[in-house]
Amino acid sequence: MCKIDYLGTGLCPSGPKRHFVAYYPQGRMDIYDALAGELIPVTEGLLDIADTCTLCGICDRQCHFYTGMRPMTVMRALKDYVASWRKEGGRAAATAEDEVLKELRKIVGREWATSDPAILVTYANDPFPLTGMRMPGYVVLPGSRRDVESIIKLANDRALPFAIRGNGGSVFGFVFTEGIVLDMNRMRKMEIDPDNWSADVEPGVTSFDLQREAYRRGLRVNAAEPAATVCGNIVCTGTFSTWSNVYGTAADNFIDMEFVDRSGRAFHLNDKSIVNHFGFERNVLPSPGVCTRAVVKLHPVTDDEEGVLVPFADFDEAVRFARNLSQRRIGLAVAVLGAHYIANFMSPSKELAARLKQSLPDVLGCSYMVFAVGDRYAREAIKRMAGAVIDQRLFRMLMLGLPRLLDPKWVDLIREYEGTMRPYELLCKSEMRPLLEAVLEPSAETIAGAVDEDLRSFYTGLYERPEMTDMVWLNMFRIVSSRMSREKHMLAFLVYVPLDHIDVIKGINEEFKRIADAEGLDNDYGFLTPMDFGKRAILEYDYYIDQTDPAEAEKIARVMGKIEPWLDALAAKTRGVQWLKYVFSQGCSRKENFLYESFQPLRSGGAGR
Amino acid sequence: MRISTGELKRTRAERKGRILLTGGTGFLGSHLAAGLLRSGYKISLLARPLKQGRADERVEKLLDWFGIEPGLRKNLQIVEGTIEKPGLGLSGEALSDCLENTTELIHCASNTGFAERKRPEIEAANIGGLLNVLDFASRSRCAFFHHLSTAYAAGRREGLCREELVDTDDFTNVYEETKARGERLVSDHCRTAGIRLNIYRPSIVYGDSRTGRSLLFNALYYPVKTTVFLKNLYEADILERGGRKAAMMGVRRESDGSLYLPIRFEVESAEGINLIPVDYFVAAFTAILEESLEGGIFHIVNARSTTMGDLIDYTRRLFNIRGIEPCRPEDFGARPRNALEILFNNYLEAYGPYMRDKRTFVMDNARGILARRRIACPEFDFEVFSRCMNYAVEVDWGARLYGGV
């Protein structure tokens, strides 16, 4: 997340100049950790990395917003360490330039290829608990498709393995190699073509950057998490979001994509002479190659779109409502969210999130909410269909007044309320707004009161910006989704499910819960988004782990041993169930090819019957 | 019967038996426990471990709150268990000990929620929990079951309600319904098992009429607590933030320093709410326990109800509030309800049937015992109201009782 300017604070100054992960706060944290663990020596690269940190504090603000952490402590520690090391007359280890590095530098230019351990170490690990550290031999930042072709040819000639990192980052433990890491961060060209309703993007372009560009032009893209690259996310997962309700997923998202295959040859997916990558095979397959460009779809936006939340006490009711919206083509983005998601999306601190998560069901009587974005006609329909609705105005009020919503005196009053309506139904009544206004005192200052004192003025400025409480904006840019890992690292399990079989969906949730509980792993329902007119949906269930605790890694290893056979068996016998594991790397396929079955033996006796 | 009247009298007089009390950390249960300990009875108190603390820690805090002398505490045994589980969640030695030594059982544990949406948990406690307790009683040496019910098990009706099992399916809410079902269950079960049975039916219980002290601040307290919350909220708005939000609601400060809160309460008739203080409840319960050896059903109620008009008047006087007015239902047609009125109206939809109660609870069984012991229900006048509400404010409606039990 520190590679995108999602709060408008600007970026860590050295990152956009040097592009390597090591020059961003994330990389400096890894480097300090590696130094502390004596995994790397002090190198020339490390000195430069430490020296280019200006202690400007941007990382503290950015990181606190979604993790609650304050990386400045580490940045200071790194600089202090280097200062002492110099004082003691330390001599930096020089990195020898071998033949491969020479070749790589010939392709991309001297500054964009390295084998400095301080830089390599920032590509050697990720939070996924089942993969250990693997130091690459080289990291290279290609600047063009030709660079990619040449690097792959070089790797093949030298029999070196290679791995691609879209934006330098990794979470699933897949993109490690002892060979060459290609970080696509320099390839960030992006062109919007409004007449063609498309954006032409290079592989270093992030979802946030593309959405921002589209948004400026009154358009929208079906975007992944903000820091994920557009190309990488399509290739890996097919890109899904709450907007997939109308925009679909996988091949629905793009017009064409350009790849460099494993032999170093470029091709386009629309080329009729190539292998059909739009097809789907229920197997773990490699990606079509290294994506070097994509022409992705853009969608129109009307000026009256707003978000609404429809609270429910019960999962079944919430799912039925979401399906109803999708079947009736009401609304754009649609999702069933649990208390855990809502609490973290709304709360600027994990303490407040924990209290809200508990209060939503216990005090307000609301365990789930259907989130929807719609124009005024859709919202009118939703209001008529639902008993109680949190509209944009009320949402803003609740979010800005959150600390007071959770004030013990008010919570007590609501908890003991024995009225005929559920508490949330009462609070959603429009006549109650003046009272809520008085109780919550919603303002940027009120919500900023929930964070560390020295960050309050920054948060006040942040929440004074209308988009920070705008459900449409927040959902388009997804900057609060990253808060899901604020407490612990989140391991997301994604399954396509048949939306007309709530029993199947509930069964999946229960089994995920049972497996995690048996191991004592924190777990919670994530979200459910209808797809393809409510026929199918994508379900996320999340496990939360401390990735630094080896005991938790062992637990994850054991649960994976249970989840894989269970989900495989379930998918084999239940139509519409498809685990994302098999879609992974087949994200360019048509969704119909993994959401539905293809040819089945004909059972009818002939035409006309 | 498992025990003869004579033996029961002897066991009681010599304080030989042990009474197992469920719900002993609740409002009524804890007051009963304190009262019975002071009368020299030996009590086993069933308490759940909660996140607020271990059962014994919570009970210790309660005993401190009641001022139970250390010498009396030796008669109290704390049993960590729950009515939610068969065998009360006990096992091994703890279970054998309870089964062997329980001679009487007072069942106070109950879910007093009204809302239909809470039916599963209310049924789980008031029916499922009761069945677990009855099963335990059958397996134990328990010879007398004291079942705490409610006067409102009578169901939705008007006129006289007698001290007998009711036969109706018409209830105001799930609480009444489950308590009535519970009475029938306990009655059938005790008859079959040869266990003597008293059913106690209090009306709505508030704090101690002599001291104002209470452990629970719902029911009668809730609308007053809400009124005080709103008063503090709007006074702070007026005094500290210019009063814009108060003005939006038509709230203002009067020249005499009082606060004008525009809240109309729907009052249909002169009927009122049947309130008894907890000191009267404990005295009456103990008297009935000691005197009704053959068993029976007993109303513990107030012969005189308190009207909504009285409650509104007391609240206005004590908290220096104006604007709260009783009104007729048709008055809301001319001016729709504001946010404050909607808040109260929804509450009154649940509590209204108790505030406009047309039931008269006959005390034929209880009256004689209470008269012999000279136990009379104190009147709920402004003085008692003030005492109770001042205590509630002093302990911040329970938040400052003893650090949370």
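The values are calculated or read from the model by the stated rules, or taken from the named source; none is laboratory data. The structure presented is a predicted model; accordingly, all values stated were derived computationally and were not measured. Because the Cβ atoms are built from the backbone with ideal geometry, glycine has one as well, and the counts that use them run over all protein chains shown.
Table for the structure above
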read-out	value
Lone unmet requirement of (1) in contact (Cβ under 8 Å) with a residue 60 or more places away in the chain; (2) farther than 22 Å from A:Asn344 by Cβ for A:Thr469	(2)
Unmet criterion (only one of (1) more than 30 Å from A:Leu7 (Cα to Cα); (2) in contact with a helix residue (DSSP H, G or I) (Cβ under 6 Å, 6 or more places away or on another chain); (3) not aliphatic (A, V, I, L, M)) for A:Thr114	(2)
In region A:1-56, the residues that are free of Cβ contacts under 8 Å to residues at least 60 places away in the same chain and touching an Asp or Glu at 6+ places or on another chain (Cβ under 6 Å)	A:Leu11
Selection from region B:91-126 of residues that are closer than 24 Å to B:Arg181 by Cβ, at pLDDT below 95 and of a type in the set (A, V, I, L, M, F, W, C)	B:Phe114, B:Ala115
The listed residue being touching a Pro at 6+ places or on another chain (Cβ under 8 Å) and within 14 Å of chain B (Cβ to nearest Cβ), out of A:Gly419, A:Gly365, A:Gly387	A:Gly365
Residue list for region A:407-416, restricted to those being assigned to a loop (DSSP other than H, G, I, E, B) and at the interface with chain B (Cβ under 10 Å from one of its Cβ atoms)	A:Glu416
One residue from A:Glu453, A:Glu445 being within 14 Å of another protein chain (Cβ to nearest Cβ) and of a type outside the set (Val, Ile, Thr)	A:Glu445
Residue, surrounded by the most Cβ atoms within 10 Å (Cβ to Cβ), within region B:204-229, restricted to residues that are among the charged types (D, E, K, R) and part of a loop (DSSP other than H, G, I, E, B)	B:Asp208
Only one of B:Ala125, B:Ala153 that is assigned to a helix (DSSP H, G or I), touching a helix residue (DSSP H, G or I) at 6+ places or on another chain (Cβ under 7 Å) and of a type in the set (A, V, I, L, M)	B:Ala153
Entirely in region B:286-405, the strands (runs of 3 or more DSSP E) that have 2 or more residues that are surrounded by fewer than 16 Cβ atoms within 10 Å (Cβ to Cβ)	B:321-327
Any hit, region A:92-102, residues being surrounded by 13 or more Cβ atoms within 10 Å (Cβ to Cβ), in a helix (DSSP H, G or I) and at pLDDT below 95	no
Residue pairs meeting the criteria (Cβ under 6 Å; at least 6 apart or on separate chains; first touching a residue at least 60 places away in the same chain (Cβ under 8 Å), in region A:434-446; second in a helix (DSSP H, G or I))	none
Test: residue in region B:249-272 that is in contact with an Asp or Glu (Cβ under 9 Å, 6 or more places away or on another chain), touching a residue at least 24 places away in the same chain (Cβ under 8 Å) and under 22 Å from B:Met363 (Cβ atoms)	yes
Matching residues in region B:258-298 - criterion: being polar (S, T, N, Q) and within 30 Å of B:Glu349 (Cβ to Cβ)	B:Ser258, B:Ser269, B:Asn274
Any hit, region B:90-112, residues being within 14 Å of another protein chain (Cβ to nearest Cβ) and within 29 Å of B:Ile204 (Cα to Cα)	yes
Answer from A:Gly338, A:Gly307 - the residue that is among the small types (Gly, Ala, Ser) and within 14 Å of A:Val472 (Cα to Cα)	A:Gly307
Selection within region B:230-258 - outside any helix (DSSP H, G or I), within 11 Å of another protein chain (Cβ to nearest Cβ), within 37 Å of the chain's Cα centre (by Cα) and small (Gly, Ala, Ser)	B:Gly250
Residue in region A:422-436 that is modelled with pLDDT under 95, within 14 Å of another protein chain (Cβ to nearest Cβ) and not in a helix (DSSP H, G or I) present	yes
For A:Thr73: the one exception among (1) modelled with pLDDT of 95 or more; (2) hydroxyl-bearing (Ser, Thr, Tyr); (3) surrounded by 19 or more Cβ atoms within 10 Å (Cβ to Cβ)	(3)
Residue count for region B:44-69, restricted to those that are of a type outside the set (Gly, Ala, Ser) and assigned to a helix (DSSP H, G or I)	11
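Residue-wise test of (1) under 19 Å from the mean Cα position of the chain (by Cα); (2) of a type outside the set (Val, Ile, Thr); (3) over 25 Å from A:Phe594 (Cβ atoms).
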| residue | (1), (2), (3) |
| --- | --- |
| A:Asp195 | no, yes, yes |
| A:Ser207 | yes, yes, no |
| A:Glu213 | yes, yes, yes |
| A:Arg220 | yes, yes, no |
| A:Glu225 | yes, yes, no |
| A:Ile234 | yes, no, no |
| A:Thr237 | yes, no, no |
| A:Thr242 | yes, no, no |
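Okay, residues lined up against (1) acidic (Asp, Glu); (2) more than 28 Å from B:Ala151 (Cβ to Cβ); (3) more than 14 Å from every other protein chain (Cβ to nearest Cβ):
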position: B:Thr315; (1), (2), (3): no, no, yes
position: B:Ile321; (1), (2), (3): no, yes, yes
position: B:Glu330; (1), (2), (3): yes, yes, yes
position: B:Asn338; (1), (2), (3): no, yes, no
position: B:Asp364; (1), (2), (3): yes, no, yes
position: B:Ser386; (1), (2), (3): no, no, yes
position: B:Asn390; (1), (2), (3): no, no, yes
